[in-house]
Amino acid sequence: MAKITVSKLKKMKQEGEKITSLTAYDASFSSLFEQQGIHALLVGDSMGMVLQGGSDTLAVTNQDIAYHTRCVRAGAKDTFVIADMPFMTYSNPADACHNAAELMRAGANMVKLEGGEWLYPAIESLTQQGIPVCGHLGLTPQSVHVFGGFKIQGRTNEAAEKMIHDAKALEAAGAQLLVLECIPSELAKAITEAVSIPTIGIGAGKDTDGQILVMHDLVGISAGYIPKFSKNFLLEAGSMPEAVKKYIDDVQSGQFPAPEHEFN
Ligand code: KIV
């Protein structure tokens, strides 16, 4: 497959072709995912839970993400790699630029930040200095203690309107991609229609421009339990390469996520 760029991802949105994405943390899996034709890989701070065994993502450091980004890039030369910016590494534009530069040097094509309009100055600064940004709205795990648990977001009219406003603000600041996590499908559809940048959903229904799963969820070895929005593709597929292929095929054909994976 040709090298995936941010322009290619935007073109896919315009042409209605679904973007497929998985988290990855090492070279063996990133290589396998690239061979199966995945478009984007996220070196997620979910590593705090699935690799490090924590109960949330807050202990992950910028050094952790940089190390795993190097590993992922070593296995996948042509795939679009997004590196997560950990908790408290982007509280102001200067910190955001300093820490994001380390992740870009490690091989990322883009960095991901969790939060709404308050991120405007950091995103503007990053973009001006050549660092592409992915926003992340909805159930943003770094705010788990503010939410009082891993809870579906955007269920009231007020919260939904605020999220649409935040999505537009992130785009205006310069964000070029947007992850929507654990929100009602109708709201994810409204956000996807309200912005011109691609949206990638996880627990956000079938109408986002693409889908992402934590790779451990795809093969049924999640920390603790399989979330409602996920599916064990290994059960049907029988092998890891076939499970990844089935996930990609099902996302692209619109079979995944199915209604039982959605929130209202
Ligand atoms: O850290 C992560 O893996 C993520 C995805 C769940 C989107 O942010």
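Below is a table of values for the structure above.
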read-out	value
Failed condition for SER28, given (1) of a type in the set (Ser, Thr, Tyr); (2) closer than 25 Å to ALA122 by Cα; (3) out of contact with any helix residue (DSSP H, G or I) (no Cβ under 6 Å at 6 or more places or on another chain); (4) in contact (Cβ under 8 Å) with a residue 24 or more places away in the chain	(2)
Any chance THR61 is at pLDDT 95 or above, more than 17 Å from THR5 (Cα to Cα), among the hydroxyl-bearing types (Ser, Thr, Tyr) and surrounded by fewer than 19 Cβ atoms within 10 Å (Cβ to Cβ)	yes
In the stretch 199-238, the residues that are more than 14 Å from the ligand (Cβ to nearest atom) and in contact (Cβ under 8 Å) with a residue 40 or more places away in the chain	GLY205, LYS206, ASP209
Per-region count, the stretch 118-142, residues surrounded by 15 or more Cβ atoms within 10 Å (Cβ to Cβ) and not in a loop (DSSP other than H, G, I, E, B)	16
Selection count where residues are away from the ligand (no atom under 16 Å from the Cβ) and in contact (Cβ under 8 Å) with a residue 12 or more places away in the chain, scope the stretch 146-162	3
Subset of the stretch 177-191 (residues that are crowded, with 24+ Cβ neighbours inside 10 Å and either within 15 Å of the chain's Cα centre (by Cα) or within 14 Å of the ligand (Cβ to nearest atom) (or both))	LEU177, LEU178, VAL179, LEU180, ILE183, ALA188
Some residue of the stretch 49-56 being in contact with a Phe, Trp or Tyr (Cβ under 9 Å, 6 or more places away or on another chain), within 15 Å of the ligand (Cβ to nearest atom) and in contact (Cβ under 8 Å) with a residue 60 or more places away in the chain	yes
Members of the stretch 105-117 found to be buried (at least 21 other Cβ atoms within 10 Å of the Cβ) and within 14 Å of ASN62 (Cβ to Cβ), listed by number	ALA106, ALA108, VAL111, LYS112, LEU113
Where a residue in the stretch 244-264 is on the phi > 0 side of the Ramachandran plot and its partner, wherever it lies, is modelled with pLDDT of 95 or more and assigned to a loop (DSSP other than H, G, I, E, B), with Cβ under 8 Å and at least six apart	GLY254/LYS18; GLY254/LYS206
All helices (runs of 4 or more DSSP H) inside the stretch 22-104 with 1 or more residues being hydroxyl-bearing (Ser, Thr, Tyr)	27-36, 62-75
ALA194 vs. criteria away from the ligand (no atom under 14 Å from the Cβ) and on the phi < 0 side of the Ramachandran plot	yes
Answer from ALA66, ALA108, ALA94, ALA100 - the residue that is over 17 Å from the mean Cα position of the chain (by Cα) and hydrophobic (A, V, I, L, M, F, W, C)	ALA94
Residue list for the stretch 82-98, restricted to those being surrounded by fewer than 23 Cβ atoms within 10 Å (Cβ to Cβ) and within 16 Å of the ligand (Cβ to nearest atom)	PHE87, MET88, THR89
Filter result for the condition that a residue is farther than 23 Å from SER30 by Cα and at pLDDT 95 or above, over VAL195, VAL179	VAL195
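The values are calculated or read from the model by the stated rules, or taken from the named source; none is laboratory data. Small disclaimer: the values here were computed from a predicted structure and weren't measured. Neighbour counts are summed over all protein chains in view; Cβ atoms, including those assigned to glycine, are modelled from backbone coordinates with ideal geometry.
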